[in-house]
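K.L.:
The structure is given below, and queries will be raised subsequently.
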Amino acid sequence: MRILAIERPVPGVTDDRFTPELAAAEARRAWELHQAGAIRELFFRADEPSAVLMLECSDADEARRGLAELPLVAAGLIDFELIPLRAYPGFARLFASSDS
């Protein structure tokens, strides 16, 4: 299942808590999750400094467990909104019989 994960801020977290060491650890773990196939795509928003991930997981619970392994999530500095996705069903209308 595809899961859209949108980073959301954690109230009260200040920028000084985001250390270079945590950033490096975050990138390393994101790379490992990408190589394992859990993270399919990883973006930063152009309008604000937050991440958007496309995940491939069996369900939202598995996605949440995988994201919990990210150092910034584990440290309570960021969180994600998870949105389960399904394939767009509308194309079926193009091929539906008009006899029905």
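K.L.:
Regarding the stretch 45-58, can at least one residue be identified that is at pLDDT 95 or above, in a helix (DSSP H, G or I) and of a type in the set (A, V, I, L, M)?
P.N.:
Checked against the condition, which is being at pLDDT 95 or above, in a helix (DSSP H, G or I) and of a type in the set (A, V, I, L, M), the stretch 45-58 yields no hits at all.
K.L.:
Follow-up. Restricting to the stretch 60-89, name every residue that is surrounded by fewer than 12 Cβ atoms within 10 Å (Cβ to Cβ) and of a type in the set (D, E).
P.N.:
D61, E81
K.L.:
Another question about this same structure. Among the numbered criteria (1) without any contact (Cβ under 8 Å) to a residue 40 or more places away in the chain; (2) farther than 23 Å from D15 by Cβ, which one does A63 miss?
P.N.:
(1)
K.L.:
Quick test for you: out of F80, F91, pick the one residue that is out of contact with any helix residue (DSSP H, G or I) (no Cβ under 9 Å at 6 or more places or on another chain) and either in contact (Cβ under 8 Å) with a residue 24 or more places away in the chain or part of a helix (DSSP H, G or I) (or both).
P.N.:
Step by step, each of F80, F91 is checked, and only F91 is out of contact with any helix residue (DSSP H, G or I) (no Cβ under 9 Å at 6 or more places or on another chain) and either in contact (Cβ under 8 Å) with a residue 24 or more places away in the chain or part of a helix (DSSP H, G or I) (or both).
K.L.:
Determine, yes or no, whether V73 is hydrophobic (A, V, I, L, M, F, W, C), outside any strand (DSSP E or B) and in contact with a helix residue (DSSP H, G or I) (Cβ under 6 Å, 6 or more places away or on another chain).
P.N.:
Yes; evaluated as a whole, the condition is true for this residue.
The values are calculated or read from the model by the stated rules, or taken from the named source; none is laboratory data. What you are looking at is a predicted structure, and each value in this text was computed from that prediction instead of being measured. Cβ sites come from the backbone with ideal geometry, for glycine too, and all protein chains shown count toward neighbours.
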